[in-house]
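What follows is one structure encoded as structure tokens, with my remarks underneath.
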Amino acid sequence: MNSSRAPASSSRVTWLTLFTTLGTLVCCALPITLVTLGLGAAVVSMTSNFPFLITLSQHKTWVFAFSGGMLLLSGWLLYRPKRHCPADPELGALCEKSHRWNRRIYWVSVIIWSAGFFAAYLALPLRIWLDK
């Protein structure tokens, strides 16, 4: 892969990863959190206005698997061995700045995905286990 194209493809994958992890948050974590807080009417309103949320939540396993795969791919692109920036000082500085922002976006995506995973798969079993 050409070194001048690598940062651009890494950046696109990082942004795509952010949007897929936001999908897990919107489909699964947000509705569960709102219901837990007693705001079930807000969830009904959301699903009435955005019916695609029902479809996403019905396929949450695939949504989480796809976004998790995107996180793995993005992480590999960011932290792979032999990743380097161009030797030109100006392009090198831009490459490093882009890489720094990609890492920030990546870790925000990991946090969002983790929060969504916790809310969708772990929160209810944990609450049931603690109530015993």
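Based on what the data block shows, is L77 of a type in the set (A, V, I, L, M), closer than 14 Å to S109 by Cα and either surrounded by 14 or more Cβ atoms within 10 Å (Cβ to Cβ) or touching a strand residue (DSSP E or B) at 6+ places or on another chain (Cβ under 7 Å) (or both)? Answer is no for this residue. Do we find that V63 is at pLDDT 80 or above, on the phi < 0 side of the Ramachandran plot and surrounded by 13 or more Cβ atoms within 10 Å (Cβ to Cβ) in this structure? Yes: the conditions hold for V63.
Do the conditions hold for T21, that is, is it closer than 13 Å to A120 by Cβ, in a helix (DSSP H, G or I) and modelled with pLDDT of 75 or more?
Working: closer than 13 Å to A120 by Cβ: yes; in a helix (DSSP H, G or I): yes; modelled with pLDDT of 75 or more: yes.
Answer is yes for this residue.
Among the conditions (1) within 12 Å of the chain's Cα centre (by Cα); (2) surrounded by 15 or more Cβ atoms within 10 Å (Cβ to Cβ), the only one that L72 does not satisfy is (2).
The values are calculated or read from the model by the stated rules, or taken from the named source; none is laboratory data. Keep in mind that this is a model prediction, so the values were computed, not measured. Positions of Cβ are generated from backbone atoms using ideal geometry, with glycine treated the same way; all protein chains shown enter the neighbour counts.
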